[in-house]
Structures are given as C-alpha cells and as structure tokens.
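Take a look at the structure set out below.
The values are calculated or read from the model by the stated rules, or taken from the named source; none is laboratory data. Being a predicted model, the structure only gives us computed values, none of them experimental. FYI the Cβ positions are ideal-geometry reconstructions off the backbone, even for glycines, and counts take in every protein chain you see. All accessible areas refer to the heavy atoms of the entire protein, side chains included, with ligands and DNA or RNA removed. Shrake-Rupley method; radii C 1.70, N 1.55, O 1.52, S 1.80 Å.
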Amino acid sequence: MTPPDQDALPQPLACGMDVGSTTVKLAVLDAEKNVVFSRYQRHHTDIRATIAEILNAAAAELGDTPLTVTVTGSGGLLLARWLDLPFVQEVIASKTAIGAFAPTSDVAIELGGEDAKIIYFERDGAGIEQRMNGTCAGGTGSFIDQMATLLNTDAAGLDELARDATIIYPIASRCGVFAKTDVQPLLNEGARKEDIAASIFQSVVTQTISGLACGRPLRGNIAFLGGPLQYLPELEKRFVLTLNLTAEQVIKPDNAHLFVACGAALAGAKSALETGAAARVAAHANTPSDPDSTPAMRLSVILARLRALGDTQGSEVVRLDALFSSPADYEDFCARHAQTGVPRRPLAEHRGATFLGIDAGSTTFKAALVAPDGALLWDFYANNRGDVLGTARHAIGALYEALPETAFIGHTTVTGYGEGLLLEALQADSGEIETIAHLRGARHLQPEVDFILDIGGQDMKCLRIKDGVIDHIMLNEACSSGCGSFIESFAASLGLSVEEFARAATAATRPVDLGSRCTVFMNSRVKQAQKEGATVGDISAGLSYSVIKNALFKVIKIRDPRDVGTHVVVQGGTFLNDAVLRAFEVLLGRDAVRPDIAGLMGAFGAALLARDRYQAAEPDRETVAS
C-alpha cells in the first residue's frame, strides 16, 4: 500500500517510548507539548508484550493518528532495531526535556528501576555532565522494592510508613544485601517500621549523592525525575532535607516519571521535521529522496511490525558450557573432593580438655570444638537472623548439653564480625582476626597452602600466602554480588533449599551467562532467561559461574590463573555448593582443595588457635597450681 502524501497529513503527534530496566514509559505530545496520552508500566522483562499492550491502548484512544515515534532507554536500542524506529540516547532525551519543561534547572536527579543519574547543566552553554551508576543498583527503584519486602509492604507502603518517622538509623547506602543486614537486626530489636522506612529512603539519598556526585556539589535549582521520585514524596523529602534546599530550588515537573519519554518525543519530532524538510527540498531539486525519511507513521504500522517479529529477534541471553560433561564426570569430582576431610570423634567419649572456636559472621554463626590432636568433636552452624547474641546463647547451651562430665573447655577463641561483642558477652579467653583464623585452619589441612579464597554469605576474602604468612589480603568492600546470600535468596524465591538448587546446577547442560555485576542487575537477567525457557539448573549453574567471576575478576582482579598459586584452598559455606566449586576449577583451569567443613573453617581455625594458646600456657598453669 502506497503511503499517503505527507504534506496532506495533519500535524503529527510526537511519541516517545522510554524502555527502562523495569518499566516502559510512553508519552504522546501534541504541537503545544501537552501530554495527550501516557502510560507507565512494569514490563517484568517481557518488553514486547508490554509495548504491544501500551500501543494498543494508545490506538484505542488516539485512533490511527500519524505519529513521530522515537525510542530511548537502557532497553530501547534493541527494540528500535526490531521495529526500525529512530533511537535517541537517554542523556539527549533528558537534556531536551529539561530545556522544554524545566529550563531553570542546574542539576537533575533521576532515579529509575535499576538506573540512577545526576545531570549537571552548564548555564554558559558549555553542555552537560552526566554521572550514572554502572556496577551497583543500590539506591534505585529495585533496591527500594527489595527493602519494602523486608517490611512486608511495597514501595508505596514504604512511603506511607516513612511519613510518621521520628528517628533515622544508619543503613548501608550501597549494596542491597548489606542494607538487608542492617535492616534485619532493627526489626529483631523492635525498631518502628516507620523509622526503618525513612532510614531506607535516607540510604538511597546517601548512595545517590556520595556514589554519583563524588564530591561535586549539588547547587542551585534541582529537578527531581523518575518513577521513584514521582510516586514517593517521602523519598524526595529526604533529598530536600539532606541538600538543605529551599522550596524555590525544588523543581518537580509534571509527569516527572515520563520525563525521558517526553524528551525522546520532542527530540524525535525535531529530527523528523528536519528530515521531512530535507526530503521536500530534495524533491523540489529533482533529487531522489530517501523513501524511509517520512516524518510520521501510524500506530497500526508499528503494531504490524511488532506482530511480524515472531521469534526472529533471537535470544538476549548468552549460554555457557556445562559444569559437568556427564554424570560420570560429576562422580569423579565428588570422589576427588571426598578425600579432604577433618578427623572426627564422638564428644561423648572424650576425656580431658577441649578447645572451642567461634566464628560470628555477617549472616551465620559457626562454632567448632576440637580435641588436643585437632579432631573435631562437635560443631554448630546456623543463620544468625540478625541476632548474634541470641544465636550464641542457643549454640553454647547446645554445647553444654552435649559436653560429658569427663570433658571441659580449656580455652575459647572468638573471631569474625561479632568478635568484640562475644568477647564481652561470653567472657571468652581470646579473640583473633578472622584472616588469621582462616589461615590456621587451612594450614592444618594443607601445610603448603599459598592461596585461600573464602566466600561467605556477604563477604569474600582472598589471602595470598608466602612462607607461611599472609602476604596480601583482598576483600569485597561495597558490593556483595556473587556471595552466598544471593544464591540463598534466589533459591528461596523458587521454593527450593540451597542444596536442591545446587543439585540442579550439576545436571544443567546450558548455563546462563549472568555476568558478574550487581545482584539487582543479575536478577533482571535471570528473569529474562526464565522468559526464554531457561531451567532452574541453567540459572543455578549460571549463578555459580557469576560467583566465581565476581571473585576472580572484580575482587581479586586476576589476569593470569597462574597468579593464584599452586596449593589452593577454598573455604566458606558458599563452596559447599558443588556447582560453585566446579565453576572455580573450570574458570581457573586447576583443581582446588575444599575441606569437608568448608563452612566451618573460620571456627575450626579459631579452635586450633585456642588449643595452641592453651598448650603454650601449660607451664604457667602448673606453676599456679603448685
């Protein structure tokens, strides 16, 4: 069908589609820049279906009116290619919208589902400077959703709670997993949900200002943009209070949640107008014009293109090699690692001194009781659920119930995050830095160890050993992506235990490449993989790869596998997952030693230190006794 003469068409409306990480925003503007139709809708990773639903709604309300259509957003480039539509970068769309709707802005703060931006506008025409989150989604809409779940509400409920807050608590202002660790103890201690809600919003403010502004002041008139700032007034209030803004400095445009979509519509309309004018000039000059340079199209055309796509656009998810080539390969792997074990003996049969090691970690509480020869007599491993003292009380009570009258505890050494607290509460004999405790445990099983990688619930430690002492330490500091708590949380979301989730990974044939970035970004890719038919095993195996990639490439920043060392010991509860261990060996290209008590190695090392200290003090005890 031949398209109608563009000169005969009425003035086209301008449509902008902003396809973000979690939502699709569509805005249709008339010639006076008024919004005549709009939608703001979560896409749940099914962008095509959401776009079709929104465009059908627009067609029902606007009819088959000519439109200039422009796409923007982090998820919009692929859509623009699919539908053969013009694409404009978000920064250009934002600048265009600011110029049209908030020209007095000096700074714009924009929060999205997984994106956060601060844009500085130069009044002298020098341009703009944009700062955007890259590897962390702390302080975005998805972060707020995660925190709201902890309070059994949603983002709107969080905002309602925050209205009645009276206290602001310090909450980790970056990684959502770290923030969860701060929120959970507050809940356990009976803190008001209203105060926690406001504190969560304050952590978003802190993350945005410290993580993006990086010391550059936010001055003058500040525009607040994006869905979270449109729908959560208490969040905006925290920004205003923190930045000490006056009412005159606060710019809250109408339809702030649609702002980038409006900017895309205006930028696209301008470009289409220029293109159409150029085409008409070319026609008058008897020069062949580009037949695709028409400034407007109809919604029915876009919908037809969308329906015609079928599955031709291909997969958005990359697949990786299977962790195990066959069931026999997995059996050989299990047999090899079964050879590394700690000797055990029944506590009920023991006589004499025993030595207790306690590792109070960020999410778990571990304890180990050893005999003078290092044999393991008793152990304890539990999630502390934010209550370190309560868990310690339960563990020590269980130990004394199991301890026979013929045995006694000669010395207790505490390590981990809760070392200082438990030294006072339990009146323990000594404390020790956890890296030393982990080294002591590793050397007991592998005296020549020169590299230790410990991955726990939220923390990750890499120790390089030289001549029996720690030569270099590397830790994750601001991000917990790839740690055990993410795997645990995702398994729970599927109604599976961590053990079941791990077993599924060992049989996966097409693991999903989830990258090694923030857990929020990873979660979006997981949803996309599920939409494309990935199995639980494919996702679990992909997460296992991500855990190790994060450790090797983000924390350790390894370039050559030979830098890791010859005698490698892996520790931490995360390595009890066979899939994670196998991913480590595959990516590193060498075998590693995993103790059968990988999750207890900090406590086991502390127990060995307790034994060493007890034995070193034996002459002094004999002198006192005499």
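Among the candidates 108, 97, single out the residue that is touching a residue at least 40 places away in the same chain (Cβ under 8 Å), among the small types (Gly, Ala, Ser) and part of a strand (DSSP E or B).
On inspection, the qualifying residue turns out to be 108.
Residues being modelled with pLDDT of 85 or more and either of a type in the set (Lys, Arg) or more than 23 Å from residue 334 (Cα to Cα) (or both): count how many of those fall in segment 603-626.
Of the residues in that region, 13 qualify.
Only one of (1) at pLDDT 85 or above; (2) open to solvent by less than 50 Å² (accessible area, probe 1.4 Å) is not met by residue 36, so which one is it?
All conditions are met except number (2).
Considering segment 550-573 alone, what residues qualify as being open to solvent by less than 10 Å² (accessible area, probe 1.4 Å) and assigned to a helix (DSSP H, G or I)?
550, 551, 552
What single numbered condition from (1) more than 38 Å from the chain's Cα centre (by Cα); (2) at pLDDT 95 or above; (3) of a type outside the set (Asp, Glu) fails to hold for residue 343?
So residue 343 meets the others, but not (2).
For the structure I just gave you, tell me whether residue 223 is modelled with pLDDT of 85 or more, part of a strand (DSSP E or B) and either open to solvent by less than 70 Å² (accessible area, probe 1.4 Å) or among the β-branched types (Val, Ile, Thr) (or both).
It is true that residue 223 is modelled with pLDDT of 85 or more, part of a strand (DSSP E or B) and either open to solvent by less than 70 Å² (accessible area, probe 1.4 Å) or among the β-branched types (Val, Ile, Thr) (or both).
crowded, with 23+ Cβ neighbours inside 10 Å, under 15 Å from residue 16 (Cβ atoms) and free of Cβ contacts under 8 Å to residues at least 60 places away in the same chain - does that describe any residue in segment 76-86?
yes
To keep it simple, each residue is scored yes or no on (1) modelled with pLDDT under 90; (2) touching a Gly at 6+ places or on another chain (Cβ under 7 Å).
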{"position": "554", "(1), (2)": "yes, no"}
{"position": "561", "(1), (2)": "yes, yes"}
{"position": "566", "(1), (2)": "yes, no"}
{"position": "570", "(1), (2)": "no, no"}
{"position": "576", "(1), (2)": "yes, yes"}
{"position": "579", "(1), (2)": "no, no"}
{"position": "582", "(1), (2)": "no, no"}
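Kindly indicate whether any position in segment 512-528 is at pLDDT 85 or above and hydrophobic (A, V, I, L, M, F, W, C).
Yes, segment 512-528 has at least one match.
Mind counting the residues in segment 234-260 that are part of a helix (DSSP H, G or I) and surrounded by 16 or more Cβ atoms within 10 Å (Cβ to Cβ)?
Of the residues in segment 234-260, 14 are part of a helix (DSSP H, G or I) and surrounded by 16 or more Cβ atoms within 10 Å (Cβ to Cβ).
I need a count of the residues in segment 361-419 that are more than 16 Å from residue 598 (Cβ to Cβ), acidic (Asp, Glu) and either modelled with pLDDT of 90 or more or in a helix (DSSP H, G or I) (or both).
Total meeting the criteria: 4.
Which of the residues that make up segment 130-181 are among the polar types (S, T, N, Q) and at pLDDT 90 or above?
Listed by number, the list holds a single entry, 166.
Filtering segment 322-360 down to residues that are assigned to a loop (DSSP other than H, G, I, E, B) and open to solvent by 50 Å² or more (accessible area, probe 1.4 Å), which residue is farthest from residue 408 (Cα to Cα)?
Top of the filtered list is 325.
Give 27, 14, 31 a once-over and let me know the one that is part of a strand (DSSP E or B), of a type in the set (Gly, Ala, Ser) and either out of contact with any Gly (no Cβ under 6 Å at 6 or more places or on another chain) or modelled with pLDDT under 85 (or both).
It is 14.
Looking at segment 421-444 only, could you name the residues that are open to solvent by 50 Å² or more (accessible area, probe 1.4 Å) and under 21 Å from residue 463 (Cβ atoms)?
Correct list: 433, 436, 440, 443, 444.
Just the residues that are touching a residue at least 12 places away in the same chain (Cβ under 8 Å) and surrounded by fewer than 15 Cβ atoms within 10 Å (Cβ to Cβ), please, taken from segment 403-420.
404, 406, 408
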